[in-house]
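A.B. asks: Before I ask anything, let me first share the structure, which is written out below as structure tokens.
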Amino acid sequence: MHLNESPFPPAPAVVEAMQRAAAGLNRYPDHDGSELIAELARRTGAAPDHIVIGSGTNELLYASADISLDQGDEAVAPVPGFPTYAKTITMRGATHVGVAVRKDGVVDIEATLKAVTPQTRLVFVATPHNPTGGLLGMADIELLVRELPEHLLLHFDEAYYEFGRHAGGPESLPLLARRRGPWIATRSFSKAYGLAGARVGYGITSSRELADAYRKIRINFSVNAVALAAARAALDEGGHLAELLDHTAAERGRLAQGLSALGFQPLPSAANFVTVVTPRPAAEIAQGLRAKNIFVLPFPWPQTPGALRITVGTRQDTDAFLAAIRSVMGA
Ligand SMILES: Cc1ncc(COP(=O)(O)O)c(C=O)c1O
């Protein structure tokens, strides 16, 4: 319950598509991912030449830093946040300007805007946010789009997009389209589509020119043929996705309720995990769970003993987790 993976294997039709692709692995994959991109274009309404793919959205996070940052530049990212933000920024020799998320775990748009300087070249924003699950509302995204200066790249990280929409979050693309400066919204097949092991994600960009920049620097054939086939097939398995989203919301609720009863404070989560502020040092609780073979992520949370992020698993995982944490807490 540690890496925000889906607890369920891919749909049978997806596994069959991967097996068919595996039989042709003597050939290089379609570098452009044309079939996948055509289908993504049909579903999102974005032009195919505005869409880019990557070996997980991780590749696109690195690409955003490569495209926008030189030594001495600044990049703004939420803290706590997905570790790749700080890593890519630092690897470019740029300065990582961390902005604390709000108390409810949502990215703080007002503070993000205040952190921007003439040296800022890149801003990372995530919704739902990891590791908190916080979801941006429409007014937040509108404010960001209206006020963020044009001279920088906005990377809008939607790795948990499908969960956010299921929880009632706004569709971001029409809002982002109002931004005058460059932007990319990235979405992943690793989470809701249950393909974390395949490594494939995509980005929708503000213009063909920006998408060309991602295409120019992409490693040759970085998305392999099995991953391409899996992603394309997964898009047709709407029932599988809907079941996972319903299951996730139900088990997220059970986890939050069980943890509340033990004195933990859950943050509102729109992702496939629950994050709670802990009544005792989070690292110690995680250690106690580890001794019972249950892995969760402890991390610091200001002015508290810390926080734990628990990925939603199967029903049985929820039961086992709640029994284990009751025992760890001596309840
Ligand atoms: C906020 C966020 N962005 C991006 C990623 C990267 O996912 P992937 O490279 O598997 O698409 C993750 C994975 O945990 C994440 O939590």
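The values are calculated or read from the model by the stated rules, or taken from the named source; none is laboratory data. What you are looking at is a predicted structure, and each value in this text was computed from that prediction instead of being measured. Every residue, glycine among them, receives a Cβ derived from its backbone with ideal geometry; neighbour counts consider all protein chains shown. Accessible surface is based on the protein model in full, side chains and every heavy atom, while ligands, DNA and RNA are left aside. Shrake-Rupley method; radii C 1.70, N 1.55, O 1.52, S 1.80 Å.
A.B. asks: Return the pair list, or none, for Cβ contacts closer than 9 Å from residues in region 186-208 that are over 9 Å from Ala230 (Cβ atoms) and assigned to a loop (DSSP other than H, G, I, E, B) to residues that are open to solvent by 20 Å² or more (accessible area, probe 1.4 Å) and acidic (Asp, Glu), at least 6 apart or on different chains.
C.D. replies: Within 9 Å, the pairs are Ser190/Glu5; Lys191/Glu5; Gly194/Glu5; Ala196/Glu5; Gly197/Glu5; Arg199/Glu59.
A.B. asks: Moving on to the next point. Looking only at region 199-227, which residues are within 16 Å of the ligand (Cβ to nearest atom), surrounded by fewer than 24 Cβ atoms within 10 Å (Cβ to Cβ) and not aromatic (Phe, Trp, Tyr)?
C.D. replies: Arg199, Arg218, Ile219, Ser222, Asn224, Val226
A.B. asks: Only one residue in Leu255, Leu262, Leu245 is among the hydrophobic types (A, V, I, L, M, F, W, C), crowded, with 18+ Cβ neighbours inside 10 Å and outside the structural domain of Gly168 (by TED's automatic domain parsing), so which one is that?
C.D. replies: Sole residue among the options that is among the hydrophobic types (A, V, I, L, M, F, W, C), crowded, with 18+ Cβ neighbours inside 10 Å and outside the structural domain of Gly168 (by TED's automatic domain parsing): Leu255.
A.B. asks: Taking region 310-331, which residues are open to solvent by 20 Å² or more (accessible area, probe 1.4 Å), closer than 16 Å to Gly263 by Cα and not aliphatic (A, V, I, L, M)?
C.D. replies: Arg326, Ser327, Gly330
Okay, residues lined up against (1) away from the ligand (no atom under 16 Å from the Cβ); (2) open to solvent by less than 30 Å² (accessible area, probe 1.4 Å):
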site	(1), (2)
Thr132	no, yes
Leu148	yes, yes
Leu154	no, yes
Gly168	yes, no
Ser172	no, yes
Arg179	yes, yes
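A.B. asks: Here is a further query. List the number of the failed condition for Pro7; all other conditions in (1) in contact with a Gly (Cβ under 7 Å, 6 or more places away or on another chain); (2) outside the structural domain of Leu210 (by TED's automatic domain parsing); (3) open to solvent by less than 20 Å² (accessible area, probe 1.4 Å) hold.
C.D. replies: (3)
A.B. asks: Quick one: how many residues across region 106-130 are more than 16 Å from the ligand (Cβ to nearest atom) and open to solvent by less than 10 Å² (accessible area, probe 1.4 Å)?
C.D. replies: 2
A.B. asks: May I pose another question? Suppose the filter is over 20 Å from Ser172 (Cα atoms), buried (at least 19 other Cβ atoms within 10 Å of the Cβ) and more than 16 Å from the ligand (Cβ to nearest atom); does Ser68 pass it?
C.D. replies: So Ser68 passes the test.
A.B. asks: Going through Gly24, Gly54, Gly98 one at a time, which residue ends up being touching a Gly at 6+ places or on another chain (Cβ under 6 Å) and in contact (Cβ under 8 Å) with a residue 12 or more places away in the chain?
C.D. replies: Step by step, each of Gly24, Gly54, Gly98 is checked, and only Gly54 is touching a Gly at 6+ places or on another chain (Cβ under 6 Å) and in contact (Cβ under 8 Å) with a residue 12 or more places away in the chain.
A.B. asks: Restricting to helices (runs of 4 or more DSSP H) lying wholly in region 6-93: which have 3 or more residues that are closer than 30 Å to Pro300 by Cβ?
C.D. replies: The qualifying helices (runs of 4 or more DSSP H) are 56-68, 83-91.
A.B. asks: Given the residues Arg180, Arg165, which is the only one that is assigned by TED's automatic domain parsing to the domain that holds Asp73, basic (Lys, Arg) and not in a loop (DSSP other than H, G, I, E, B)?
C.D. replies: Arg165
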